[in-house]
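The values are calculated or read from the model by the stated rules, or taken from the named source; none is laboratory data. Computed from a predicted model, the values in this text were never measured in an experiment. For neighbour counting, all protein chains shown are included, and Cβ atoms are generated from backbone atoms with ideal geometry for every residue, glycine included. Areas reflect the complete protein model, heavy atoms only, side chains present, ligands, DNA and RNA absent. Shrake-Rupley method; radii C 1.70, N 1.55, O 1.52, S 1.80 Å.
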Amino acid sequence: MQQQGQHTARRSASSARRFVKQNVGIALAVTATAAVLVSAPSASAWTGHSGGSVVTDIRTVAEFDFAAGEIPENITVNPDGSVTLSMLGSCAVCERTHGPELMRISASGQRTVLATGQVGEAISGNTRGSDGTVYYSVWAPGSAARNGVYKLLPDGTPQRVAALPADAGPNGLAVDPAGRTLYIADSLKGIIWSVPAAGGPATPWLTDAALAPVPTEALPIGANGLRFHNGALWISNFNKGTLLRVPVTGTGTAGPVHLVTGGLPNIDDLSFLTPWSDVVFAAQNGSSSDNGPDRVVVIYPNGTYKPVLTSADGLASPSATAVRGDRLYITDGGVPEPHDPKLQTARINLPALLAGAVH
């Protein structure tokens, strides 16, 4: 009986491995405490037991002053546990009296302003190179002398590495793993620009209708969030509610545009469960233009998605997400009254995230 049980166990394990091999949609997902093999769920996964909420224990870890232009837009989580935040600064309701800031908040809560912009500009995207270099977008409408992407030199001095046309709208930023090329999402012109990370002329890497804004929208914003992940650029289109994936070919050019999912109005910036996993956490910044819900959704590789946080959890114009281990970070711009811009964190419940992946 014991031998038969061992054979049965081996057959069961072999069947499970074959199932995972045939149906896996996510590569190895490594958290702070464990390595987890993740499978893309089928549509039927949503009708079974959820294993609890995918995201739990949400709390506010930093509050900001909306009237002073402290309107968080983008976030990068650093290896030391600190976060780098882009603060928009200029906005109609704060009468454009304050310039934007790039701010770092340490794990202990200490705040340091890394860079400032001019009144009327916005600091939108930011990212971190593998060597620790901080890059950030300055959206300076009508100013060819200021519009573009900057980096912080070792002494903290800002240096523009990419000049963009005065009518461009630099937003999301991404850098390739080698740290050689920066990619810039242009929210106004429907272009992804590329530029050497060391500096140089920006060139259109991809121009496509799928990246363009919808001119009739109250807030015409196209390509918005941007991430370099698993050999491809992942791009959100704010107006069209789509998440796109564009492979980067061996020669560095753009491959075909793939639609990952749609039907997510006002999808803003995004992040991945791990560098190896194609599970996405994306912000839906609905209250920024009154055109949809305020939500954070989890998107699986097969395009299935579900909300994991809503306005009932305190979301107020959520603009970006970031993940470190099993911790999810969310920036809230606080556009609707009573204007409560903040940084929130929550815990990712991995068993619930993976529930239904393997039956």
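If the Cβ limit is 9 Å and pairs must be 6+ apart or interchain, which residue in the range 171-190 that is under 23 Å from Ser319 (Cα atoms) pairs with which residue that is among the basic types (Lys, Arg) and open to solvent by 20 Å² or more (accessible area, probe 1.4 Å)?
Close Cβ pairs satisfying both conditions: Gly172/Arg227; Ala174/Arg227; Val175/Arg128; Leu182/Lys151.
Just checking, which of Thr304, Thr331, Thr321, Thr310 is open to solvent by less than 40 Å² (accessible area, probe 1.4 Å), in contact with a Pro (Cβ under 9 Å, 6 or more places away or on another chain) and either more than 20 Å from Asp65 (Cβ to Cβ) or free of Cβ contacts under 8 Å to residues at least 12 places away in the same chain (or both)?
Selected residue: Thr304, the only one of Thr304, Thr331, Thr321, Thr310 that is open to solvent by less than 40 Å² (accessible area, probe 1.4 Å), in contact with a Pro (Cβ under 9 Å, 6 or more places away or on another chain) and either more than 20 Å from Asp65 (Cβ to Cβ) or free of Cβ contacts under 8 Å to residues at least 12 places away in the same chain (or both).
Among the residues of the range 349-357, is any assigned to a strand (DSSP E or B) and in contact (Cβ under 8 Å) with a residue 24 or more places away in the chain?
No: zero hits.
Which one of Pro247, Pro204, Pro275 is in a loop (DSSP other than H, G, I, E, B) and either crowded, with 16+ Cβ neighbours inside 10 Å or not hydroxyl-bearing (Ser, Thr, Tyr) (or both)?
Pro275
Show the residue pairs meeting these rules: Cβ distance below 9 Å; 6+ apart or different chains; first residue within the range 141-169 and within 17 Å of Gly99 (Cα to Cα); second residue of a type in the set (Ser, Thr, Tyr) and open to solvent by 70 Å² or more (accessible area, probe 1.4 Å).
Close Cβ pairs (under 9 Å, with a partner that is of a type in the set (Ser, Thr, Tyr) and open to solvent by 70 Å² or more (accessible area, probe 1.4 Å)) amount to Pro158/Thr116.
Mind listing whichever residues of the range 286-301 are open to solvent by less than 10 Å² (accessible area, probe 1.4 Å) and at pLDDT 95 or above?
Val296, Val297, Val298, Ile299, Tyr300
Pro79 passes all but one of (1) part of a strand (DSSP E or B); (2) free of Cβ contacts under 8 Å to residues at least 40 places away in the same chain; (3) of a type outside the set (Asp, Glu); which number fails?
The single condition Pro79 does not satisfy is (1).
So which residues in the range 222-238 are surrounded by fewer than 24 Cβ atoms within 10 Å (Cβ to Cβ) and either in contact with an Asp or Glu (Cβ under 6 Å, 6 or more places away or on another chain) or more than 19 Å from Ser194 (Cβ to Cβ) (or both)?
Listed by number, the list holds a single entry, Phe228.
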